[in-house]
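Q: Quick one: the structure is below, and I'll ask about it shortly.
The values are calculated or read from the model by the stated rules, or taken from the named source; none is laboratory data. Everything numeric here is computed off the predicted structure, so don't read it as measured data. All Cβ positions, glycine included, derive from the backbone under ideal geometry; neighbour counts span all protein chains shown.
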Amino acid sequence: METKNTSKNSKTKVYFNNSCSICRTEINAYKKYSDENIEWADISSDENVEIETKKERDQLYRRMHVLKNGEIISGAKTFLIIWKKIPRYNFLYKFFNKPIIFPVFNIIYEFIAFLLYLKSKLFR
């Protein structure tokens, strides 16, 4: 019997910066509770990430990215995708996906991501 490819069981690939200690710590927490439906790609060591995402290395360092259903999603929305796929973090998805909350979360994410990007640029 063939199963339908839904958002809960379709493969998702997360592109993250493992050379960033903050990023690595957070992703490692997600990895503990994720299943085979999430693949993790370290942009600091995986040579194929630029080809897969069609983004330059510098763009990849600027934000977290997710490949879902053939589409690259960047920024704060990637957290929603990850949280929705990992049952332990569904409460975060439900909270941050609210119309009033997400725009604020997005602004905070962009600020923090920019600071981490500048930090990574200094040490690359």
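Q: Could you go through region 41-50 and let me know if any residue there is over 20 Å from residue 18 (Cβ atoms) and touching a residue at least 24 places away in the same chain (Cβ under 8 Å).
A: No, the conditions are met nowhere in region 41-50.
Q: Right, another one. Taking region 59-89 only, how many residues are free of Cβ contacts under 8 Å to residues at least 40 places away in the same chain and not aromatic (Phe, Trp, Tyr)?
A: The qualifying residues number 10.
Q: Moving on. Would you kindly identify the helices (runs of 4 or more DSSP H) lying entirely within region 12-124 that contain at least 3 residues that are exposed (fewer than 13 other Cβ atoms within 10 Å of the Cβ) and out of contact with any Pro (no Cβ under 8 Å at 6 or more places or on another chain)?
A: 21-33, 90-96, 101-123
Q: Here are some residues: 97, 48, 90. Which one is of a type outside the set (Phe, Trp, Tyr) and touching a Leu at 6+ places or on another chain (Cβ under 7 Å)?
A: 97
Q: If we scan region 83-95, do we find a residue that is in contact with a Ser or Thr (Cβ under 9 Å, 6 or more places away or on another chain), closer than 22 Å to residue 10 by Cα and modelled with pLDDT under 95?
A: Within region 83-95, none of the residues are in contact with a Ser or Thr (Cβ under 9 Å, 6 or more places away or on another chain), closer than 22 Å to residue 10 by Cα and modelled with pLDDT under 95.
Q: Does residue 78 count as of a type in the set (S, T, N, Q) and out of contact with any helix residue (DSSP H, G or I) (no Cβ under 8 Å at 6 or more places or on another chain)?
A: yes
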